[in-house]
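The values are calculated or read from the model by the stated rules, or taken from the named source; none is laboratory data. The shown structure was predicted, so the numbers you read here are calculated from the model rather than taken from an experiment. Here the Cβ positions follow ideal geometry from the backbone for every residue, glycine too, while neighbour counts run over all protein chains shown.
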Amino acid sequence: MHVGAYNDLENEEIRRHFSGKIITGVELNTKVLGIPIEILGYNINPNEMQRQIDETYLSNSERNKVEVRILYSKAIDTGISLPDDFIEKYNGSIYGSKYFHSYIVKDESNRKFINEASWKDSNVFYREYMSNPNTQFFVDMDAYLPDFEKAVEIVHKAGGIVFIPHIFEYRENSNRILEYILDNYKFEGIECYYRNFSKEQTDFLLDICDRRKLFVSGGSDYHGRVKPNVKMGTGEGNLNVPNDIVENWKKVVI
């Protein structure tokens with residue numbers, strides 16, 4: 001986990017390709033009710049944020065390797081067959097969920113262990129199984145992740161403001177996660193516009209923000225080749241994030 005890409009903006013060769021306004025940001029892993037979730041930090045100081053990250057988090061590679069070891073153990077207990085060198089071959093460079101998923105879908109007999117949507121998409125597998133305490137593939141990273149309050153503190157120390165992103169991605173746990181956060185923690189905003197939110201879901205979140213005086217944000221969840229069907233700015237084709245919502249918070253400094 002790092003924000004070093006912002007340093008590249010000092011390179012004139014890179015800057016000449018872009019003339020817009022960049023709002024610095026970061027996505028951090030944390031946990032609520034023992035469930036791994038993410039928060040967003042905007043208007044951060046990248047150098048201070050990197051210092052906070054280095055002090056608090058495992059590196060991406062180390063975290064991925066921990067996940068793969070846990071998944072391997074769960075696969076053996078569940079009856080999924082994996083090669084003997086499954087762990088040794090993994091170098092930590094890609095998400096543990098994607099590495100694990102790439103192996104289990106090679107054998108049709110493994111279909112019986114996960115639902116069809118998760119069989120087809122490793123991102124769905126991560127949300128439906130690895131992030132869900134009620135499943136056999138839940139990866140408990142409790143000992144490796146800062147709690148919600150600590151993650152918020154990290155963003156604030158870096159001068160940023162905190163948003164809760166893509167809350168409905170947490171499937172059956174979404175509402176209780178959101179309710180717990182609203183009842184127990186202080187933060188600045190909610191990502192109300194997201195690539196696969198329904199109008200009803202967006203309106204529900206907008207109403208919360210209005211009543212609680214929280215800022216509103218939106219995101220397409222563009223990840224380049226990692227999510228080839230998601231386009232920058234428009235998500236899956238129908239996302240429309242109003243420009244004026246950003247004006248309300250982009251100058252805020254904690």
Apart from one, (1) surrounded by fewer than 18 Cβ atoms within 10 Å (Cβ to Cβ); (2) in the same structural domain as Pro83 (by TED's automatic domain parsing) all hold for Ser118; the odd one out is (1)
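For segment 1-55, which residues satisfy the criterion of being of a type in the set (Ser, Thr, Tyr) and assigned to a helix (DSSP H, G or I)?
In the first step, residues of segment 1-55 are kept if they are of a type in the set (Ser, Thr, Tyr); the result is 6, 19, 24, 30, 42.
The answer is Tyr6, and nothing else.
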Selection count where residues are in contact with a strand residue (DSSP E or B) (Cβ under 8 Å, 6 or more places away or on another chain) and outside any loop (DSSP other than H, G, I, E, B), scope segment 232-254: 3
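If I ask for residues that are part of a loop (DSSP other than H, G, I, E, B), under 18 Å from Gln136 (Cβ atoms) and more than 24 Å from the chain's Cα centre (by Cα), which ones from segment 63-113 would you list?
Restricting attention to segment 63-113, the residues satisfying the condition of being part of a loop (DSSP other than H, G, I, E, B) are 79-95, 105-107.
Right, trim to under 18 Å from Gln136 (Cβ atoms) and you get 79-82, 86, 105, 107.
The answer is Gly79, Ile80, Ser81, Leu82, Phe86, Asp107.
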Report yes if Leu58 is surrounded by 13 or more Cβ atoms within 10 Å (Cβ to Cβ), outside any helix (DSSP H, G or I) and at pLDDT below 95, otherwise no. yes
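Looking at Tyr170, Tyr194, Tyr222, which is the one that is hydroxyl-bearing (Ser, Thr, Tyr) and modelled with pLDDT of 95 or more?
Details: Tyr170 fails: modelled with pLDDT of 95 or more; Tyr222 fails: modelled with pLDDT of 95 or more.
That would be Tyr194, the only listed residue that is hydroxyl-bearing (Ser, Thr, Tyr) and modelled with pLDDT of 95 or more.
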